[in-house]
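Note sheet for the following structure.
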Amino acid sequence: IVILDQLFEALFPLAFLNLYLSLNILQNISILLFFILIAHIASRIWTYVTSRPTPPDYPRTIQSGVRFREWKACHTPLAKWQVWFNLTSFLSDQIILTWFFKITGLYAKGEKNALRIILEEKEYTFQTLPAPFDGFRILFLTDLHLDGLRNITEKVQEVLKDTEADLCLIGGDIRMKTYGETSESIAQLKKVMDCILVPHGTFGVLGNHDCIEMLPELEDTGIVMLVNDAVHLERDGTKIWIIGVDDPHYYKLHDAGQATTDVDPDHFSIFLAHSPEAFQDAAKLGSDLYLCGHTHGGQICLSDGSPIITNSRAPRHTASGDWKHLNMQGYTSRGAGPSSIPVRFNCPGEITIITLRRP
């Protein structure tokens, strides 16, 4: 937020200066205005450098050198310091929001709500679905954040123990933080994967809390990771495709064109992404079903379940539940775990079973 963002960044250094310099009100205001102006210009330049549209010949190889922001987030020597310099996130999540819920006495209730995970059953009908896949069941898990809330793994296991499905899809965000160690989240993920027995395997994509260095460990747990790639499933000589793209929200390295290079456009396809922000690309390429998470359904919602903040650049109607774009049906999961702060209000976590049907 312009001005407010820079104001928080300037207040602490300014307070420190006032301990050693006799600054009057006018001088304090002048320093604040000067800092806000310089910081805003610098942030605009940084945004332009890191978020400008990539040229047509930009290398799409998925490696740390390309995904620099992700490497920086996961590189431990840098990560231990970056949380302290990311003052906005530190203030909003760890200070303002956390202490607001604690002071108001709502923190314990919100934490209890976050451990209430619902099994959602969804059914979608498609003219293009091959007959042998009629009744095909998909277990959809996303936004687990397994190292962010005590007992979350056990709650997920409890829901999974009675579920039966043909395929499992995982929509990213295995860990809670966006920096530092990943070992705890991977250890918890292994426990979850032990509960999943599906004949057609488990496929997943990276979220904005996951880093490229996690790929080998994620695959060691039994997940085939799709990073701008696709795989087909066969039944009685017919095929459907699972298309998975890199994170479209923060890293913005989703490449639907690359992912669908080998996909027959006449075949039924499911487009898996971490967030709804790649929905237009998926629809243009003829995908039939778009599955995503990231928004947590708002996590903290109004009494009717309407999200206050969606944390997504996609339209608000894609923030939770069913939606449609052109001929493509979409579903945005509320996710199993909470993000940033471990509370939920009017927005329970979910694990989803999706059944595919022919008319």
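The values are calculated or read from the model by the stated rules, or taken from the named source; none is laboratory data. Everything numeric here is computed off the predicted structure, so don't read it as measured data. Cβ coordinates were reconstructed from backbone atoms using ideal geometry, including for glycine residues, and neighbour counts include every protein chain displayed. Please note that ligands, DNA and RNA were not included when accessible areas were found on the heavy atoms of the full protein model with its side chains. Shrake-Rupley method; radii C 1.70, N 1.55, O 1.52, S 1.80 Å.
Numbers at a glance
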{"quantity": "When residues of segment 278-299 are limited to those that are of a type outside the set (Gly, Ala, Ser) and surrounded by fewer than 21 Cβ atoms within 10 Å (Cβ to Cβ), the one nearest to Pro130 (Cα to Cα)", "calculated": "Leu285"}
{"quantity": "Cβ-Cβ under 8 Å pairs, at least 6 apart or on other chains, segment 337-359 side without any contact (Cβ under 8 Å) to a residue 24 or more places away in the chain and more than 17 Å from Leu289 (Cα to Cα), far side outside any loop (DSSP other than H, G, I, E, B) and not basic (Lys, Arg)", "calculated": "none"}
{"quantity": "Scope segment 238-262; condition free of Cβ contacts under 8 Å to residues at least 60 places away in the same chain and surrounded by fewer than 20 Cβ atoms within 10 Å (Cβ to Cβ); matching residues", "calculated": "Gly257, Thr261, Asp262"}
{"quantity": "Top-ranked residue of segment 106-165 - restricted to ones that are at pLDDT 95 or above and among the polar types (S, T, N, Q), ranked as surrounded by the most Cβ atoms within 10 Å (Cβ to Cβ)", "calculated": "Thr142"}
{"quantity": "Among the candidates Lys122, Lys177, Lys155, residue that is charged (D, E, K, R) and part of a helix (DSSP H, G or I)", "calculated": "Lys155"}
{"quantity": "Residue count, segment 274-305 (criterion: part of a loop (DSSP other than H, G, I, E, B) and aromatic (Phe, Trp, Tyr))", "calculated": "0"}
{"quantity": "Positions within segment 19-44 being in a helix (DSSP H, G or I), surrounded by 13 or more Cβ atoms within 10 Å (Cβ to Cβ) and over 40 Å from the mean Cα position of the chain (by Cα), in sequence order", "calculated": "Gln27, Asn28"}
{"quantity": "Filter result (touching a Leu at 6+ places or on another chain (Cβ under 9 Å), assigned to a strand (DSSP E or B) and surrounded by fewer than 16 Cβ atoms within 10 Å (Cβ to Cβ)) within segment 306-359", "calculated": "Arg357"}
{"quantity": "Subset of segment 264-287 (residues that are of a type in the set (Asp, Glu) and touching a His at 6+ places or on another chain (Cβ under 9 Å))", "calculated": "Asp264, Glu277, Asp281"}
{"quantity": "Segment 190-211, residues that are part of a loop (DSSP other than H, G, I, E, B), within 21 Å of Ile138 (Cα to Cα) and either open to solvent by 10 Å² or more (accessible area, probe 1.4 Å) or among the aromatic types (Phe, Trp, Tyr) (or both)", "calculated": "Asp194, Cys195, Ile196, Leu197, Val198, Pro199, His200, Gly201"}
{"quantity": "Where a residue in segment 113-140 is among the polar types (S, T, N, Q) and its partner, wherever it lies, is buried (at least 17 other Cβ atoms within 10 Å of the Cβ), with Cβ under 6 Å and at least six apart", "calculated": "Asn113/Arg344; Thr128/Phe268; Thr128/Asp288"}
